[in-house]
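Novice: Starting off with a structure, shown below.
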Amino acid sequence: MVAARNAAVQDGLLHELVSQLAPSHHDDIATIGVQEVRALSLEPQPEGVAPWSRLHRAGTHLVDHLPEPLVRPPVKRVHHLAILLRSYTTGLSGGVKSILSSHVDFRRFFCYRMGTMTTNRLQWKIGGEAGFGIMTTGLVFSRACIRGGLKTFAYPEYPSLIRGGHNTYQAFVDAEQATSQIHDVHLLVALNTETLALHADELVDGSAVIYDPEDFKTEAPKVEGKNVIFVPVPMSAIVKKHEANRVARNTISIGASFALLGYPWEIVEGVIHDWFGRKKPEVAEANITLTKEGYDLVAGKYPQYAYRLAPQKATPQMVISGNGSIAMGAMKAGMKFYAAYPMTPSSDILGYLARQEEKMGLVVKHTEDEIAAMNMIIGAGFAGVRAMTATSGGG
């Protein structure tokens, strides 16, 4: 009796699912017909066959007969149909449409297949060797998003090394609120082969990878088991043409990223001008030229990529690091003496306060080790001065 009731509810959900999809995507589903999908899903199952397997077969049939896109998702994604409909015990009252809107994996799968776009919610990531300007590129990306009224939460990762190592910067972007990271990466900028190898598991179906063909001379980039759009951008060739430093590939990648995301060039140009204009006007112009070339190479060429960023009403915001927030909070709280030994990742606090030393009337001391810093802080406290130190575990 319970099994029959479950099957009836399941059948009703499938009917509702098809009716929800059919009106807005009639051209896609017309190739197989709504009735055929229903019949396939509702036909009796042999004894001993799991009742949910017919949903899997119906979903697989639906996927296999939709108009062929450039890439086909693996059948394992269809399992989300069964997972989704199993949730009817807690989500039935809201109907399939509401369940679809809250089920991220299922929504992503169908948005990708049906050609609909996910706007103003994605995670962008860039990776490469230390010295490739990863942090600068990430900050510029975040600033461009903020200038368009979007919210960002970024996370840079770098090893505690004097030189070398793999660096990354990832930025989660959302229209409403961004207060943490997510695991999925929707756009990866790989400035070397190691980046793709290390972060392939974070890519989702329908994501994209921007890469330099010169880095993949021996083997074309690929990600097993996922449908990833590869976007070749000859960054090395462009910097050579303009007789620029190789590190300028990061600037080109910013242009390519925002072009793929459909973000207005005017916002990107303004942020590049402001960021590099602090040095010299000619430096800003050179970087604008490189960014624009990357932008133009990609703009409008990948319509199958289903993620977009669109500016919205902007309110005053700032891009600030965790270390910067600590330093600002300490100054606001009346700190007048800071002593520390630079130890990743706390070193930025020392550097930030040193730059503010004269303006804010501080005394900032770079000590020979952490023990010396702690002794100075204790002594300052006994003398009545509000003092602070910061450090981190080495390695």
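Novice: In Å and on Cα atoms, what radius of gyration and Dmax does the stretch 261-345 show?
Specialist: Rg and Dmax of the stretch 261-345, Cα atoms, are 19.0, 55 Å.
Novice: Within 10 Å, count the other beta carbons around each residue, average over each peptide in 298-306, 247-255, 177-185, and list them highest first. Please report the intermediate quantities before stating the final value.
Specialist: Details: 298-306: 15.6, 247-255: 25.2, 177-185: 13.3.
For the peptides 298-306, 247-255, 177-185, the packing ranking is 247-255, 298-306, 177-185.
Novice: Here's something else I'd like to know. Would you mind checking which residues have amide H under 5 Å from Val231's amide H? H placed 1.01 Å from N; only 5 or more apart, or other chain.
Specialist: Correct list: Val209, Ile210, Tyr211.
Novice: Still on this structure, please answer the following. Tell me the label-point distance for the pair Glu214, Asn375, using the 7 Å Cα-to-Cβ offset, in nm and rounded to one decimal.
Specialist: 5.1
Novice: Step through the table entries Lys240/Lys301; Lys240/Lys292; Lys151/Lys279; Lys217/Lys292; Lys332/Lys359, compare each Cα-Cα distance with 22 Å, and write down the pairs that go over it. Spell out each step's value before the answer.
Specialist: On the way: Lys240/Lys301 24 Å; Lys240/Lys292 16 Å; Lys151/Lys279 27 Å; Lys217/Lys292 25 Å; Lys332/Lys359 13 Å.
From the list (Lys240/Lys301; Lys240/Lys292; Lys151/Lys279; Lys217/Lys292; Lys332/Lys359), the Cα-Cα distance tops 22 Å for Lys240/Lys301; Lys151/Lys279; Lys217/Lys292.
Novice: Hey, what's the Cα Rg ratio for the stretch 142-211 versus the globular rule of thumb, 2.2 N^0.38 Å? Don't jump to the answer; show the numbers that get you there.
Specialist: On the way: Rg = 13.3 Å, N = 70, 2.2 N^0.38 = 11.1 Å.
After normalising by residue count via 2.2 N^0.38 Å, the value is 1.20.
Novice: Okay, moving on. Magnitude of the Cβ-charge dipole of the stretch 186-251, K/R +1 and D/E -1, about the Cα centre, nearest 20 debye?
Specialist: On the way: 7 positive and 10 negative charges, 67 e Å.
With Lys and Arg at +1 and Asp and Glu at -1, about 320 debye.
Novice: Separate question: With the crude spin-label approximation of a point 7 Å out along Cα→Cβ, what separation in nm comes out for Gln177 versus Glu282?
Specialist: Rounded to a tenth, the inter-label distance reads 5.0 nm.
Novice: Run through every distinct alpha carbon pair of the stretch 221-296 and return the Kirkwood hydrodynamic radius in angstroms, one decimal place. If you can, show how the numbers build up before the last one.
Specialist: Values: mean 1/r = 0.0763 Å⁻¹.
13.1 Å is the Kirkwood radius here.
Novice: Still on this model: Accessible area per residue of the stretch 227-344 at 1.4 Å probe, in Å²?
Specialist: Computed with neighbouring chains in place, this is 47 Å² per residue.
Novice: Could you work out how far apart the two model spin labels at Lys241 and Ala197 are, taking each label as a point 7 Å from the Cα in the direction of the beta carbon, and quote it in nm?
Specialist: Computed distance between label sites Lys241 and Ala197 equals 3.0 nm.
Novice: Starting at the first residue of the stretch 379-385, write each ³J(HN,Hα) from the Karplus equation 6.51 cos²θ - 1.76 cosθ + 1.60 with θ = phi - 60°, in whole Hz, x for Gly and Pro.
Specialist: Calculated HN-Hα couplings, in order: x, 5, x, 5, 7, x, 9 Hz.
Novice: Something else now. Would you kindly give the portion of the calculated P(r) for the stretch 297-395 that falls above 15 Å, as a percent of all Cα pairs? Working shown, then result.
Specialist: Details: 3289 of 4851 pairs.
Percent of Cα pairs beyond 15 Å in the stretch 297-395: 68.
Novice: Place a point 7 Å from Cα of Ala383 in the direction of its Cβ. Which residues in the stretch 313-338 have their backbone N less than 18 Å from it?
Specialist: Residues 334-338 fall inside that zone.
Novice: I would also like to ask the following. With θ set to phi - 60°, apply the Karplus curve 6.51 cos²θ - 1.76 cosθ + 1.60 along the stretch 268-277 and write out the HN-Hα couplings as whole Hz, x wherever there is a Gly or Pro.
Specialist: 4, 4, x, 5, 4, 4, 5, 5, 8, x
The values are calculated or read from the model by the stated rules, or taken from the named source; none is laboratory data. Since this is a predicted model, take the numbers as computed values, not measurements. Note that each Cβ is placed from the backbone with ideal geometry, even for glycine, and that neighbours are counted across all protein chains shown. We work out accessible area using only protein heavy atoms, side chains counted, and drop any ligands, DNA or RNA first. Shrake-Rupley method; radii C 1.70, N 1.55, O 1.52, S 1.80 Å.
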